[in-house]
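Have a look at the structure below before the remarks.
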Amino acid sequence: MTTNEELEDTSAPLMEHLIELRQRLMYSIIAIAIFFLICFYFATELFNLLVIPYQWGADTNEVKFIYTALQEKFFVDIKIAFFGAMFIAFPVIATQIYKFVAPGLYNNEKGAFLPFLIATPILFLIGACLVYFLIMPLATQFFLSLEQSGGDGTAEIQNLQAVGSYLSLIMTLIFAFGLVFQLPVAITLLAKAGLVTSETLAGKRKYAILLAFVAAAVLTPPDPVSQLGLALPTILLYEISIIAARRIEKNSKEREDSEESDNTDVVSS
């Protein structure tokens, strides 16, 4: 076979993969666009839903927000719509990713890959719920405690929250916690690929704890509630990852021992 013929044989499968990739991307983009329009229509209701943790922290149902730029509320609605569209469309995106990579996987690899696609949105949702029901109300309570009443030579300091600032805060927290809660998925995948071991993870525990607090300080507002609320679950998730890595190593060893036993039986027979 000539060099030109070899190049043609390799380019054909490549073009098929590119066409398949374009199709999967188009399906994902269409899903995001549809959910974006739906979320944009209900942007006000979604924002009011995100305000509930603030009400819990402020211990009041009367919450007042302002916007200082004429276009600020409009861009807030766009951010809410895009954030909601990405979250709702994730099952569609994950399905397209799986359908794209599945033909190149063995049956046992497909069975190992699919649980991670299921675990990813579940863990993200758990992290988001932690922010919504615990971290954000506590952080709001902490920040509002910094207000002070005026009089007798004391300046009055009152919080008047801008819609853009509040949305950026709660979205940053939700994204940070959701991302951190993917730690078991990432480490388990690395363990299955043989790139890390449970022994290595356990030996680096003290560095992981330090990095957890550093990440919490960078990703969360500068209050102890938010930082501890992110650092402690991160450490717990790291320990869970070590347990998962040990289980994977145990299963791999049992499978190897079983294969060696089968080969020995074949040779002896």
Residue selected from the stretch 168-220 under the condition among the hydroxyl-bearing types (Ser, Thr, Tyr) and surrounded by 16 or more Cβ atoms within 10 Å (Cβ to Cβ), by the criterion nearest to Tyr54 (Cα to Cα): Thr220
So in the stretch 121-142, with the set limited to residues that are under 14 Å from Pro221 (Cβ atoms) and of a type outside the set (Gly, Ala, Ser), which one is surrounded by the most Cβ atoms within 10 Å (Cβ to Cβ)? Ile135
Output yes when any residue across the stretch 147-158 is touching a residue at least 12 places away in the same chain (Cβ under 8 Å) and among the hydrophobic types (A, V, I, L, M, F, W, C), and no when none is. no
Flagged in the stretch 169-224 as part of a helix (DSSP H, G or I), among the polar types (S, T, N, Q) and either farther than 30 Å from Gly84 by Cβ or without any contact (Cβ under 8 Å) to a residue 40 or more places away in the chain (or both), in numbering order, are Ser198, Thr200
Helices (runs of 4 or more DSSP H) wholly inside the stretch 43-111 containing at least 1 residues that are of a type in the set (Lys, Arg) and at pLDDT below 90: 90-101
Answer from Ile248, Ile242 - the residue that is hydrophobic (A, V, I, L, M, F, W, C), touching a Lys or Arg at 6+ places or on another chain (Cβ under 6 Å) and surrounded by 17 or more Cβ atoms within 10 Å (Cβ to Cβ): Ile248
With the checklist (1) over 23 Å from Val225 (Cα atoms); (2) touching a Leu at 6+ places or on another chain (Cβ under 7 Å) in hand, flag the one item Phe35 doesn't pass. (2)
Out of (1) at pLDDT 90 or above; (2) over 27 Å from Ala216 (Cα atoms); (3) among the hydrophobic types (A, V, I, L, M, F, W, C), the one Leu114 does not meet is (1)
Pairs with Cβ under 6 Å, 6+ apart, first in the stretch 12-30 and in contact (Cβ under 8 Å) with a residue 40 or more places away in the chain, second assigned to a helix (DSSP H, G or I): Arg24/Gln96; Arg24/Phe100; Tyr27/Gln96; Ser28/Ile93; Ser28/Gln96
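The values are calculated or read from the model by the stated rules, or taken from the named source; none is laboratory data. All values reported here derive from a predicted model rather than from experimental measurement. Every residue, glycine among them, receives a Cβ derived from its backbone with ideal geometry; neighbour counts consider all protein chains shown.
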